[in-house]
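Student: Would you mind keeping the following structure in view while I ask a few things?
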């Protein structure tokens, strides 16, 4: 059972902290502007940075199933301006939960995990939360096996 706390909310997004995973993730609602997108990601990073102090492993999850209105400029901002802040904040794995129609079009390499352009943060795509949570915990289990 998830125990969630809202750490940021607007009419377009809710950002949650779930201490059972533990992870910080968002749920998007409808059409939003680039300004709203950027503000939400920056608020998510602030929450992550604060919460990470209490966790050996804290995960970054993106639920983009209902995200609408992003331009290629917004996506480029995320990759070029925002993502370089993730690794220094402690993010090592990012899971994207995507719409089923998107998931079926992804290549095996994208689904099974790849690294960002800096080879710092591992990225993987899923069609449900449970699979993303399992992936997050795979490394933890491997680290505890002698």
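No value in this document is a laboratory result; all are computed from the given coordinates. For clarity, every value in this text was computed on a predicted model and none was experimentally measured. Here Cβ is always computed from backbone atoms with ideal geometry, including for glycine, and neighbour counts include all displayed protein chains.
Student: Taking the number of other C-beta atoms within 10 Å as the exposure measure, put 126, 115 in order starting with the fewest.
Tutor: Working: 126 20, 115 10.
By the 10 Å Cβ count, ascending: 115, 126.
Student: Could you give the nm distance between label points at residue 64 and residue 116, where each point is 7 Å from its Cα heading toward the beta carbon?
Tutor: The two pseudo-label positions are separated by 1.3 nm.
Student: Tell me, what is the percent relative contact order of the chain, built from C-alpha pairs under 8 Å that lie six or more residues apart?
Tutor: Relative contact order, the chain: 18 percent.
Student: Another question, then. Where does each of 33, 72 land when they are ranked from fewest to most other beta-carbon atoms within 10 angstrom?
Tutor: Fewest-to-most Cβ neighbours within 10 Å comes out as 72, 33.
Student: Here is a further query. Under 10 Å, Cα contacts only: if you run a Gaussian network model on the chain, which one of 103, 48, 59 comes out with the highest mean-square fluctuation?
Tutor: Comparing 103, 48, 59 in the GNM, the peak value goes to 103.
Student: Now a separate question. Could you work out how much longer the chain between residue 35 and residue 79 gets when fully extended? Use 0.36 nm per residue separation minus the Cα distance between them, nm to one decimal.
Tutor: Length difference between fully extended and current span is 14.3 nm.
Student: May I pose another question? Report which label in [x] 16.7; [y] 8.7; [z] 9.2 holds the value of mean projected area of the Cα convex hull in nm² derived from the coordinates of this structure.
Tutor: So the structure-derived entry is [z].
Student: While we're on this one: How many percent of DSSP beta bridges within the chain run antiparallel, rounded to 5? Intermediate results must be reported in sequence, preceding the final value.
Tutor: On the way: 13 of 29 bridges.
The antiparallel proportion sits near 45 percent.
Student: So for 49, 104, fewest C-beta neighbours within 10 Å to most, what's the order?
Tutor: 104, 49
Student: I would also like to ask the following. Using a Förster distance of 30 Å, how high is the FRET efficiency between residue 134 and residue 54, based on the Cβ-Cβ distance and rounded to 0.05?
Tutor: So the FRET efficiency works out to roughly 0.85.
Student: With label points built 7 Å along Cα→Cβ from the Cα atoms of residue 20 and residue 5, find their separation and express it in nm.
Tutor: Calculated label separation equals 1.6 nm.
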